Amino acid sequence: MNCRMMKGEINVEHSLTPTEALALMQNARNLNQPEAAFALFQRACQGRKQMLGDQLWWTSGSGGIFPCHVVPRCSYCSFFTEDHFPIDALLRGLELIENMGIRQFHISGGTDLNGGFEEPLLAMVRTIREHSSLQLEVNLGPSFSEQTVMELKHLGVESITSSLECTNPEIFSTVKPGDSLDRRQDLLETCEKISMPSRTMMLVGLGESDEDRIAQLFYLKQFRELYQLRISRFMPFSGTALQSHPRCSPWETALVTAIARLILPDREISLAAGNGTEDIPLWYLAGGGNQLLGVSITRHMPKASPDVIVHEIGEQIYVVDKRKEIERILEGMLLKI
């Protein structure tokens, strides 16, 4: 069974224009007059229910699978690694995840604009395919040629991610001076060209304007193969160049989520890095999607919690199961996976 939801139709009077979308967002921001926010969120929730239904489902993923070769580093990133993830530990982790009943896994972490990941990634996917039936998604930035994307599709990879973060060229080049917005946009176009499902990500709170956010969402609307938009709430990590940059308000990400639901009604709209379990209620209220990241493979030991189960699968390598923690949040919302 493919975890991606089928596209449907939504009954609206007309498609939003950028001007209308901007007005809806800005009117809803003022909670001294909350009626506009209530109406926006209600419309977004109705759209989600009509397009995606009410069935929540788990996914899983990893970070730091490949070393990041972006130089200089992105100004906000603290997740990079300088070595390859050991395949034996990865396979142990995938077996554990599959035995939990989860069916999807995201191979994430690292970018190489010179294509150095292509052969190692293909070899990794072939090895995983020999040991696991998990549906695989790949998120390694614009590291691939069209030929490699086609080969990944041939190997049964479910989707390719090209996280644009922000499509304002000045902001992108300031916070990601070693990366390429053009290359990331080219990857989305390549996926569209060869009918490869794709995902992307918005990083909210870099200093972009509401106009920038609306422009990015309408830019994404053209990609019919884009099945998922992931929304990240900016988090200033210690030791990064943007460690003093303000944390993004959850209200901003909720507004972006709701407007994204209206502009991209049939797409999965998910939480990304920078969000926590405490962000789930507002995300869902704002018309977020049905996918929740419950389990991850990581090199970072999480903080002790009675609701988080940690399995060590290698030297300082862990499978972190947060499903119980998330289920407690959902219970308070009268929701179940």
Notebook entry, point to check: Filter the range 78-109 for residues that are within 21 Å of residue 237 (Cα to Cα) and buried (at least 17 other Cβ atoms within 10 Å of the Cβ); which is farthest from the chain's Cα centre (by Cα)?
Noted result: 80
Margin query: Where the second residue is of a type in the set (Phe, Trp, Tyr) and at pLDDT 95 or above and the first is more than 23 Å from residue 139 (Cα to Cα) and in a loop (DSSP other than H, G, I, E, B) and lies in the range 264-290, which pairs have Cβ atoms under 8 Å and are six or more apart or on separate chains?
Written below: 286/41; 287/41
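Conditions (1) of a type outside the set (D, E, K, R); (2) within 17 Å of the chain's Cα centre (by Cα); (3) surrounded by fewer than 21 Cβ atoms within 10 Å (Cβ to Cβ); (4) closer than 28 Å to residue 66 by Cα, marked per residue:
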{"residue": "260", "(1), (2), (3), (4)": "yes, yes, no, no"}
{"residue": "284", "(1), (2), (3), (4)": "yes, yes, no, no"}
{"residue": "291", "(1), (2), (3), (4)": "yes, yes, no, yes"}
{"residue": "315", "(1), (2), (3), (4)": "no, no, yes, yes"}
{"residue": "331", "(1), (2), (3), (4)": "no, no, yes, no"}
{"residue": "334", "(1), (2), (3), (4)": "yes, no, yes, no"}
Check: For the range 317-329, how many residues are over 28 Å from residue 87 (Cα atoms) and either hydroxyl-bearing (Ser, Thr, Tyr) or surrounded by fewer than 14 Cβ atoms within 10 Å (Cβ to Cβ) (or both)?
Finding: 1
Check: Listed residues 167, 148; which is among the polar types (S, T, N, Q), in a helix (DSSP H, G or I) and touching a residue at least 24 places away in the same chain (Cβ under 8 Å)?
Finding: 148
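Among residues belonging to the range 208-222 that are crowded, with 19+ Cβ neighbours inside 10 Å and of a type outside the set (Asp, Glu), point out the one that is nearest to residue 138 (Cα to Cα). Let's see the steps before the verdict.
So the first thing to find is which residues in the range 208-222 are crowded, with 19+ Cβ neighbours inside 10 Å, and the list is 208, 213-214, 216-217, 220.
Then drop every residue that is not of a type outside the set (Asp, Glu), which leaves 213-214, 216-217, 220.
Values: 213: 25, 214: 26, 216: 22, 217: 22, 220: 19 Å.
Among them, the one singled out is 220.
Please count how many residues of the range 154-188 are surrounded by fewer than 18 Cβ atoms within 10 Å (Cβ to Cβ) and on the phi > 0 side of the Ramachandran plot.
Applying the first criterion (surrounded by fewer than 18 Cβ atoms within 10 Å (Cβ to Cβ)) to the range 154-188 yields 154-156, 169-170, 173-174, 177-178, 180, 182-183, 185-186.
Filter again for on the phi > 0 side of the Ramachandran plot, leaving 156.
So the count comes out to 1.
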Margin query: Just to be sure I understand the filter: pairs with C-beta atoms under 7 Å, separated by 6 or more residues or on different chains, first member in the range 239-263 and part of a loop (DSSP other than H, G, I, E, B), second member among the basic types (Lys, Arg). Which pairs pass?
Written below: 248/233
Notebook entry, point to check: Restricting the search to the range 301-337, which residues are assigned to a strand (DSSP E or B), modelled with pLDDT under 95 and hydroxyl-bearing (Ser, Thr, Tyr)?
Noted result: none
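The values are calculated or read from the model by the stated rules, or taken from the named source; none is laboratory data. What you see is a predicted model, and the numbers here were worked out from it, not measured in a lab. In this analysis, Cβ positions are derived from the backbone assuming ideal geometry, glycine residues included, and neighbour counts consider all displayed protein chains.
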